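Taking it in order: structure first as structure tokens, then the write-up.
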Amino acid sequence: MALTDNRTSNVLSGPGGWVTSSIRFFALFILAFLVFAILLLAFGKNPIKAYADIFSSTLGSTYGFSEILVKMIPLTLTAVAVAVPSRIWLINVGGEGQLYIGALFATWGALNFNTLPAWILLPFISVLGVLGGGLWGSISGILRAKGWVSETISTLLLNYVAILLTNFFVFGPWKDMESANYPQTAEFVDAATLPSFVGTRVHAGFVFPLAALILFYFVLTRTRWGLEMRAIGGNPEAARRSGIPINGYIILLMFIGGGLAGLAGMVEVSAIQGRLRPSLSPGYGFIGFLISWMAGGNPLGMVAAAFLLAIVTAGGDILQMAHGLPGSAVNILNALILFVVLARQGGKSGVK
Amino acid sequence: MTGSSLQGLLSGSIIAGTPLLYATLGEVIGERAGIINLGLEGVMLMGAAVGFSTTVQTGNPALGVFAAALAGALFNMIFGFLVIERRANQLASGLALMFCGAGLSALLGAPYIGSQIKGLNEIRIPILSDLPVAGTILFHYDILVYLVVPIAILVWWALFYTRWGLSLRAVGEKPTAVFAAGRHPYRLQYEALFVAGLLGGIAGAYLSLAVAKTWAEWMTAGRGFVAVALVIFSKWHPLRAIAGALLFGGAIALQLQMQARGVPISPFLLDMLPYLLSLGVLAVWGGARRHAAPASLGQVFRGTE
């Protein structure tokens, strides 16, 4: 299926230079926020108060701001997880499932090797997280490379399987007997917990997205692999004829993408939850997809978009607790932001 | 397996397959017009929430179904605007639509969590419903079950034996040809998405009004994506979709039966069955798929240059 898209078009690189495009980028979000405000009004909520609460509780205090950084860690990872395969037109919508399997693998390591010292155990469970998510992603990669199932459909369906598998372990064999009715595993030992900065929940896991972004940029622009990926992305047939192993790339990039999402899962169980629970992620995998699309795969754009959507995600909790809205209502705002971005990207590429 | 549990399995397949078939038929129409809509999940959620809230408010499930169909169709127009008017990427737009539907339906449905409804009335057909085995398996349902196969046949007839259907399929294959023949591809695609939205809305309403008789967030649980897989399984053909929906409905019914009978397998593992079956079936069908898919699926008509 040759599905058209705008992988290379990027909201941040519109005509008219950096400043005007930033203004345009910003104006789009204002539009999305306005529409959401009208909706809130229609449902009898006060949108001004809602937005004031969201921004004051996230950007208005040091703790609130640190919580945004905490959310940016998994969000940036799941965004790169989408951006990597998208270089060769693969659409990875399985970040959520890959995150869960990464967390599952990491939890297995943390529970079974809890006597190891931290300097071995932490790298070990990080690798396990990558491996879990990576293997899960490469299932879709293999199905696609064989020409059997489009990766979009298979990653979507595997999300459900991954979450059910996690539930199976958490409710079943790995359930902590001491936490009575709570479905959760035993708590991780200190050696399996990523250290946090004093007074906040910002943790050492922030090096992962940073490294991922730098590597992503470096490999793409400075190496033969980056060149070959661009060749496949540009013209798969020509790339195949010049001897580039396309199927290898499909499986490999789905492995890397899945691995990064899996790492996000490891970070969440190790640093934030301290144990595996069914409510591991508020949709980080899906929001990562939005981030990657908004930024068109641009590394700096992904950081900016992750920042914005981290605020929105945190805002969802506030809307739920202080304004009595259902937790998933904030998905509307996420969707609206993607709507305006998509409408603009599409319109632009249509003018060819 | 005893006779009664086999009967339960068969009627369970019909009940679970009905919403899948409505959704699949809608997606078939859309994809025949060249548009793949992953937002079907969101459309179904909207249908489920609107159908349920309308039924609670009016006490009339028929009105609920109508409202759900209309809501699904109008909601699908957002997607239409993005992919037709703005030529946005179909897969990403579909996922955005799914999010929007999940959030909006949660907002709409929130006041109705825990509300009780009677659901759709069972319609007994004289003589037929009293037949011994076949009567219980085939003739003890509500109106939406009885209508779904005729609607599948109607969709088949409309797609393959009317001018509208011919043009619609041509849009999915070669939009420029339709344009040259004097019909506008965009208009046909909007029409296709409207009808797809109607059917998706009904599918959602069936889940909340007839199957669950309640509203819960994300209650479609991926049924919309399973329906997208079913379209490929059906090779974009409405009549094959009937068999596909029964098979997938069977997987859901089997899982429910096994849980009800206390089979010593974790319910979480049993719940995986429909998704794994979708993947397995697609993998087996994969090779044939390319020949059956509409040629311009996923691409947008950009005018004749």
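The values are calculated or read from the model by the stated rules, or taken from the named source; none is laboratory data. Since the structure is predicted, the reported quantities are computational estimates derived from the model, not experimental observations. Neighbour counts run over all protein chains shown; Cβ positions are idealised from the backbone, glycine included. All accessible areas refer to the heavy atoms of the entire protein, side chains included, with ligands and DNA or RNA removed. Shrake-Rupley method; radii C 1.70, N 1.55, O 1.52, S 1.80 Å.
Please go through segment B:179-188 and give me each residue that is at pLDDT 90 or above and either on the phi > 0 side of the Ramachandran plot or open to solvent by 10 Å² or more (accessible area, probe 1.4 Å) (or both), ordered by number. Talk me through it step by step, then tell me what you get.
Step one: filter segment B:179-188 for residues at pLDDT 90 or above, giving B:186-188.
Answer for segment B:179-188, where residues must be at pLDDT 90 or above and either on the phi > 0 side of the Ramachandran plot or open to solvent by 10 Å² or more (accessible area, probe 1.4 Å) (or both): B:Y186, B:R187.
Take the residues of segment A:236-264 that are surrounded by 21 or more Cβ atoms within 10 Å (Cβ to Cβ) and not hydrophobic (A, V, I, L, M, F, W, C): which is modelled with the lowest pLDDT?
Filtering segment A:236-264 for residues that are surrounded by 21 or more Cβ atoms within 10 Å (Cβ to Cβ) and not hydrophobic (A, V, I, L, M, F, W, C), the one modelled with the lowest pLDDT comes out as A:Y249.
Could you look through segment A:155-193, keep only residues that are farther than 28 Å from A:M254 by Cβ and small (G, A, S), and pick out the one that is surrounded by the fewest Cβ atoms within 10 Å (Cβ to Cβ)?
A:A180
Can you run down the residue pairs with Cβ atoms below 6 Å, 6 or more apart or on separate chains, where the first is in segment A:181-197 and closer than 15 Å to A:V207 by Cβ and part of a loop (DSSP other than H, G, I, E, B) and the partner is open to solvent by less than 80 Å² (accessible area, probe 1.4 Å) and of a type in the set (K, R)?
Partner pairs satisfying both residue conditions: none exist.
Considering segment A:225-278 alone, what residues qualify as being assigned to a loop (DSSP other than H, G, I, E, B) and either under 18 Å from A:V82 (Cβ atoms) or over 24 Å from the mean Cα position of the chain (by Cα) (or both)? Let's see the steps before the verdict.
In the first step, residues of segment A:225-278 are kept if they are assigned to a loop (DSSP other than H, G, I, E, B); the result is A:235, A:242-245, A:274-278.
Of everything in segment A:225-278, those that are assigned to a loop (DSSP other than H, G, I, E, B) and either under 18 Å from A:V82 (Cβ atoms) or over 24 Å from the mean Cα position of the chain (by Cα) (or both) turn out to be A:N235, A:S242, A:G243, A:I244, A:P245.
Can you find even one residue in segment B:112-133 that is part of a helix (DSSP H, G or I), surrounded by 14 or more Cβ atoms within 10 Å (Cβ to Cβ), facing another protein chain (nearest Cβ under 10 Å) and in contact (Cβ under 8 Å) with a residue 60 or more places away in the chain?
no
Specify which of the listed residues (A:L34, A:L111, A:L99) is buried (at least 18 other Cβ atoms within 10 Å of the Cβ), more than 30 Å from A:P236 (Cβ to Cβ) and not hydroxyl-bearing (S, T, Y).
Only one candidate passes the filter, namely A:L111.
Considering each of A:T155, A:T166, A:T221 in turn, give the residue that is modelled with pLDDT under 90, among the polar types (S, T, N, Q) and out of contact with any Cys (no Cβ under 9 Å at 6 or more places or on another chain).
A:T221
Of B:L38, B:L82, which residue is outside any helix (DSSP H, G or I) and either surrounded by 24 or more Cβ atoms within 10 Å (Cβ to Cβ) or away from every other protein chain (no Cβ under 14 Å) (or both)?
Going through B:L38, B:L82 in turn, just one is outside any helix (DSSP H, G or I) and either surrounded by 24 or more Cβ atoms within 10 Å (Cβ to Cβ) or away from every other protein chain (no Cβ under 14 Å) (or both): B:L38.
Residue by residue through segment B:199-224, note down the ones that are within 14 Å of chain A (Cβ to nearest Cβ), among the aromatic types (F, W, Y) and crowded, with 24+ Cβ neighbours inside 10 Å. Show your work before the answer.
Residues of segment B:199-224 within 14 Å of chain A (Cβ to nearest Cβ): B:215-224.
Then keep just the ones that are among the aromatic types (F, W, Y); that gives B:215, B:218.
B:W215 - this is the single residue of segment B:199-224 that is within 14 Å of chain A (Cβ to nearest Cβ), among the aromatic types (F, W, Y) and crowded, with 24+ Cβ neighbours inside 10 Å.
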